[in-house]
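Structure, as structure tokens:
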Amino acid sequence: MTDPKDNVPNEEEPQVEGDATNAAEPEDLIEAEGPDVEVPTDGPAAGGPAADAANDLSPEDQALLDDAARGIAEDNLSAADRDLVAEMRADMLRAQAELVNFRKRVERDREANREVAIAEVVRALLPALDDLTRAEAHGDLAEGPMQVIGQKIRGGFEKFKLVQIGEKGEAFDPNIHEAIVQLPTPGATGQTVADVVEPGYKLGERVLRAAKVAVAVPA
């Protein structure tokens, strides 16, 4: 007798291609391509609020932050390193002071050399100025073109602060007067200028030539 089960066709089990053990290993996976993203390791991100705040700092605030950073860095130094930093800072301040003093000396020497050069030129022209004074005393400069020339020459000397010294009646001063004769004068209580033989000149505080004078002395 035939079994009904024998007439039922056998359903074949679906076949799975490949073995489960042949699944792709992690190293066989393909890495996804894409742009690299830079992750900031320190400081505020570019364009962030912190960066904007840092850019808005004034020079004074930035200097304070720099000083604070230096102070923190120095606190972390050893005693020997702090001594070295202090010594280097003292050397720097000393060098700055020496530079300032050097500049002052150069400027002072430059001004002194300028005054010496002007004094030498003016001293060489004093004989011509004496002739101009004598001509004026004789009335030769009262009118005409020589009067204008004399005014221009004196105006040029005044620009260099040239001052005539030696006046009749003033007290005798050996620093600005050269006594060429003494005149015993009754009633005189001291030495005074009785007459100016040749005027002297000063350029600023420098005496270019002492005035030659006759001195009245007590009789």
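The values are calculated or read from the model by the stated rules, or taken from the named source; none is laboratory data. This structure is a prediction, so every number in the text was calculated from the model and none was measured. Neighbour counts are summed over all protein chains in view; Cβ atoms, including those assigned to glycine, are modelled from backbone coordinates with ideal geometry. Side chains are part of the model used for accessible areas, which takes the heavy atoms of the whole protein and leaves out ligands, DNA and RNA. Shrake-Rupley method; radii C 1.70, N 1.55, O 1.52, S 1.80 Å.
A prolate overall shape is assigned to segment 69-219, the ratio a/c of its alpha-carbon gyration tensor axes (a ≥ b ≥ c) being 1.5 or greater and a/b exceeding b/c. Computed about the Cα centre, the dipole magnitude for segment 102-145 is approximately 620 debye when only Lys and Arg (+1) and Asp and Glu (-1) carry charge, each at its Cβ. Taking the Cα centre of segment 126-219 as origin and assigning +1 to Lys and Arg Cβ atoms and -1 to Asp and Glu Cβ atoms, the resulting dipole is close to 300 debye. Give, as a single signed number, the net charge of other residues whose beta carbon lies under 14 Å from the beta carbon of Leu141, with Lys and Arg counted +1 and Asp and Glu -1. Within the 14 Å Cβ shell, the charges total -2. What Kirkwood Rh does segment 75-157 have if only Cα atoms enter the pairwise 1/r average? Answer in Å. Taking every pair of different Cα atoms in segment 75-157, averaging 1/r and inverting gives 18.1 Å.
For Asp140, the solvent-accessible surface with a 1.4 Å probe is about 100 Å², rounded to the nearest 10.
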